[in-house]
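I have placed the structure first, in the form of structure tokens, so that the comments after it can refer back to it.
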Amino acid sequence: MRSLENAFYIGNNRAMISLGPLTDKKYCPYSCAFCYVKSGFMKYKKLEIDNIIEFLEKNKEKYNIVYISGDTDSFAPPRTDKAIELIKRISEFIDVDITFTTRTTFNDDNLKKLKNINDYMKNKNHKLIVSISISRLYSANYIEPAPIPSPEERIEMLKKLKENGLYTILATRPFLPIITSDEYIEIIKRSKNYVDAVLGETWYADEKLINDVCKDFDMKKVQFVEKIMDFDNNDKVWKCYEAKEIVEKVTQFCKENGIPFYMRSNPAIEYIRSR
């Protein structure tokens, strides 16, 4: 068994975990062009569910919510069943809220499993919060290549999750210079009846990511600032696109429509947990 020491990230009262790399050669089932994991993010260890539970139990005084996944989409095929089993096991053995982020869609059987876990957690006065990521709607389809489900399929997934009683978040993240504010707002318009909150996010990139994402795009007017991450242990200085104009327009739209909008996951999660 691999060492549990520093297997995952714990900070700001959060334990961020995942199922780890898909294989020795492929880290995630999906290949999003903007993914910062390819460029310096601290990759998590690949552990069996029993060992993940052991890690969480060992560090249970350091966090009050579990985040899945920080470094890979644990819920994408072929690991969907295993990721749902991980949630079930955490809910049974750890007295904690759970949130996870994915770009996948769930079949009826897995939706039923998630509903059952959610009902079980509610009986224990805990919350299961699901974030579905949608970074584009009708442009730049190369940034979310197959086998990632279409934006329309993911919006429908938000609807089904909400119908099954789960807390849901639309994650329009990260905000990218090649996507207009109108497109982000359209994603929110189509999803707003099925979500408890909406997320944006600063884009953390390096030169290769910028070139992969923004090909054939005039970058002369795009401004970046340099930052380190406060949600990971890597010490890399990243070029960050803060998308101030997009943030302003999306914030205004959400305010006018009574939609809770946040640029970081923590306040969005805390808003839902406080309800």
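Computed from the coordinates by the stated procedures, all read-outs in this text should not be read as laboratory data. A quick note: this is a predicted structure, and the numbers were derived from the prediction, not measured. Every residue, glycine among them, receives a Cβ derived from its backbone with ideal geometry; neighbour counts consider all protein chains shown.
Below are the figures for this structure:
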read-out	value
Mean residue ellipticity (222 nm) of the chain, computed from DSSP H runs ≥ 4 via -39,500 (n - 2.57), nearest 500	-10500 deg cm²/dmol
Karplus 3J(HN,Hα) series, Hz, for the range 225-237 with 6.51 cos²θ - 1.76 cosθ + 1.60 (x for Gly, Pro)	10, 9, 8, 9, 7, 9, 10, 7, 8, 6, 10, 6, 8
Shape call, the range 8-53: gyration tensor on alpha carbons, a/c limit 1.5	oblate
Inter-site label distance for GLU163 and LYS82 at 7 Å from Cα along Cβ, in nm	3.1
Calculated FRET efficiency for the pair ASP50/THR23, C-beta based, R₀ 22 Å, to 0.05	0.60
Inter-probe distance in nm under a simple model that places probes 7 Å from Cα toward Cβ, at TYR142 and ASN123	5.1
Likely footprinting exposure, SER135, SER181, fewest C-beta neighbours within 10 Å first	SER181, SER135
Extension reserve of the PHE231-ASN107 stretch, reckoned as 0.36 nm per residue once the Cα distance is removed	41.5 nm
Calculated Rg and Dmax of the Cα atoms in Å (choose from (i) 17.9, 54; (ii) 28.5, 116; (iii) 19.9, 67), label	(i)
Sites PHE217 and TYR271, calculated FRET efficiency, Cβ-Cβ separation with R0 25 Å, nearest 0.05	0.15
DSSP bridge pairs, the chain: antiparallel proportion in percent, nearest 5	30
Among 69-81, 147-159, the order from most to least packed when residues are scored by Cβ within 10 Å on average	69-81, 147-159
Cα centroid separation - the range 124-186 against the range 4-47, whole Å	20
